[in-house]
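First comes the structure, then the notes that go with it.
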Amino acid sequence: PAVPTTRTTRLIAEEKVAPERILAVTFTNKAAGEMRERIARQLGEEPRGMWMGTFHAIGARIVRRAAHHLHRTPSFTIYDEDEQLSVIKRLMERHRIPPKQFAPRAIRAAISDAKNALVTTDEYARLARDPFAQAVAPVYGDLETALRTANAVDFDDLLVLPVRLLEGSERELAKWQKRFDHILVDEYQDTNRAQYRLVKLLAREHRNVCVVGDDDQSIYGWRGADIRNILDFTKDFPSAGVVRLEENYRSVPPILELANVVIRENSGRMGKTLRATRSGGEKVTLVRSLDERDEAEWVMQHIMSPRAQKGLMLR
């Protein structure tokens, strides 16, 4: 997360923004840890008070601080997949939904997709047309009550409940908007509906939001990522500037020439042309393989060839 790291360091060191007024969001705990270490190294001290972590970690902190608004106590439990499945199986039994016909894991996945898309239980029930959706609807409808009774949340609630909190209370919304003067989000092309909504709510007043992402690398649509979030960023924040990072220091020119040809065919993109800072490199080889095993075998043989071995020794 080089860009948000550099920007955060500049905000603190040059703009004199207090660390506790900055919210930095990444997609993995590892990336968040690396970002904190780099910022501390560049500043010469820990950015104390700064909120930095994954969307779910940030969401958990918000929910704990506003638990009473969400019918929980601050000591609520975060259910893992097995615990959530146990609740779903119990609700399926209550509604006499046969697990051999509708797998509990499939129902859990459908509920997860609905939550991340911010589809409410009422909406889901109203739109349920096929037998599977009609089986999911009553389980989804009772799940919140079951979790609330157990003083628990599931992983998806860590995104949904903060959004519900901010949309349901102008006082809470104003409080959290004042809490963070600057918001930075890495890998923005991979955000889903709930994550997008949370960022937009928190940044609505001050509009000091910086997102980093590559619209040509959005590959998580299967888990709810919505490429429109980054494509429409300048519509949501009209005064935002767009900086294209087109210099690539990892790949040689032949690789980037091929990459430019491929990504140029993507539909719905902001557009960029990658440029190599390195020189040299062999021409790209196109190989047609029967399957992934055949492909892996070809790669292995190519690496182990005398020519490739000579190149490795030279490097």
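Looking at this structure, is Asp113 farther than 20 Å from Phe55 by Cα, open to solvent by 60 Å² or more (accessible area, probe 1.4 Å) and acidic (Asp, Glu)?
No.
Look at region 205-263 and say how many of its residues are within 28 Å of Val17 (Cβ to Cβ), of a type in the set (Ser, Thr, Tyr) and either in contact with a Phe, Trp or Tyr (Cβ under 6 Å, 6 or more places away or on another chain) or part of a loop (DSSP other than H, G, I, E, B) (or both).
1
Could you check region 129-157 and list, in sequence order, the residues that are modelled with pLDDT of 95 or more and over 18 Å from Ile88 (Cα atoms)?
Passing the criteria: only Asp130.
In the list Arg36, Arg10, Arg61, which residue meets the criterion of being over 17 Å from Val209 (Cβ atoms), at pLDDT 95 or above and not in a loop (DSSP other than H, G, I, E, B)?
Arg61
Does at least one position in region 66-74 carry a residue that is within 18 Å of Val209 (Cα to Cα) and either modelled with pLDDT of 95 or more or open to solvent by 10 Å² or more (accessible area, probe 1.4 Å) (or both)?
no
Would you mind stating whether Glu205 is at pLDDT below 95 and on the phi > 0 side of the Ramachandran plot?
no
For region 267-315, which positions are at pLDDT 80 or above, in a helix (DSSP H, G or I) and of a type outside the set (Lys, Arg)?
Those that are at pLDDT 80 or above, in a helix (DSSP H, G or I) and of a type outside the set (Lys, Arg): Glu292, Asp294, Glu295, Ala296, Glu297, Trp298, Val299, Met300, Gln301, His302, Ile303, Met304.
Residues checked against (1) open to solvent by 70 Å² or more (accessible area, probe 1.4 Å); (2) among the hydroxyl-bearing types (Ser, Thr, Tyr); (3) more than 29 Å from Ala57 (Cβ to Cβ):
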{"site": "Arg197", "(1), (2), (3)": "no, no, no"}
{"site": "Asp215", "(1), (2), (3)": "no, no, no"}
{"site": "Ile227", "(1), (2), (3)": "no, no, no"}
{"site": "Arg264", "(1), (2), (3)": "yes, no, yes"}
{"site": "Leu274", "(1), (2), (3)": "no, no, yes"}
{"site": "Arg278", "(1), (2), (3)": "yes, no, yes"}
{"site": "Arg288", "(1), (2), (3)": "yes, no, yes"}
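The values are calculated or read from the model by the stated rules, or taken from the named source; none is laboratory data. The shown structure was predicted, so the numbers you read here are calculated from the model rather than taken from an experiment. Here Cβ is always computed from backbone atoms with ideal geometry, including for glycine, and neighbour counts include all displayed protein chains. These area figures cover heavy atoms from the full protein model, side chains too; ligands, DNA and RNA do not enter into them. Shrake-Rupley method; radii C 1.70, N 1.55, O 1.52, S 1.80 Å.
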